[in-house]
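Visitor: Sharing a structure here in structure tokens format.
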Amino acid sequence: MQIAEKLSITLPAEMVKVIRDKVVSGAYSSNSEVIREAMRGWLEREQLLKNLDIAIAAGISDAEAGRVHDVEATRDELKRRFS
């Protein structure tokens, strides 16, 4: 079981309105639930960006090491596979 910690935060009025509107609409049962969902999305985005950075670094490393394919040959191969 995760231990929860209470935080006090200050948000701009526009953000508060979005949170309260989500609760009033019934989409969420509390302000905290809205913020937890937003945090999950933010953490997921951070992980996706980290993975993208890793993939880009691998691609750059491959290119620098000469592990590349001719663009025309690759394009022809893709056309062949997906036509």
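The values are calculated or read from the model by the stated rules, or taken from the named source; none is laboratory data. Everything numeric here is computed off the predicted structure, so don't read it as measured data. Positions of Cβ are backbone-derived with ideal geometry, glycine not excepted, and every protein chain shown enters the neighbour counts. For accessibility, only protein heavy atoms count, side chains too; no ligands or nucleic acids. Shrake-Rupley method; radii C 1.70, N 1.55, O 1.52, S 1.80 Å.
Visitor: Run the simple label-point estimate for ARG36 and ASP76 please: 7 Å along Cα→C-beta, distance reported in nm.
Guide: Using points 7 Å along Cα→Cβ, the separation is 5.7 nm.
Visitor: List the lysines whose Cα sits under 27 Å from the Cα of LYS17, skipping any in the same chain fewer than 8 residues away.
Guide: Candidates past the 8-residue exclusion: LYS6.
Visitor: For a quick check of your reading of the filter: which trypsin sites (Lys or Arg not before Pro) in region 45-83 sit in a DSSP loop and have no more than 12 other Cβ atoms within 10 Å?
Guide: ARG67
Visitor: Quick one, could you list the DSSP H helices from the chain stretching 24 Å or more along their long axis (Cα atoms) with average Kyte-Doolittle hydropathy of -1.0 or above?
Guide: For the chain, where a helix must reach 24 Å along its axis and average at least -1.0, the hits are 31-64.
Visitor: Relative to the present Cα-Cα distance, how much length would full extension add between ARG67 and LYS50 at 0.36 nm per residue of separation?
Guide: 3.8 nm
Visitor: I need the fraction of alpha carbon pairs in the chain separated by more than 20 Å, rounded to a whole percent.
Guide: Every Cα pair in the chain considered, those over 20 Å come to 63 percent.
Visitor: Provide the gained length on full extension for the span ALA57 to VAL16, in nm with one decimal, where the gain is 0.36 nm per separating residue minus the Cα-Cα distance.
Guide: 10.9 nm
Visitor: To continue, here is another question. How large, in percent, is the carbon and sulfur part of the accessible surface of the chain at a probe radius of 1.4 Å?
Guide: Ligands and nucleic acids excluded, carbon and sulfur reach 58 percent.
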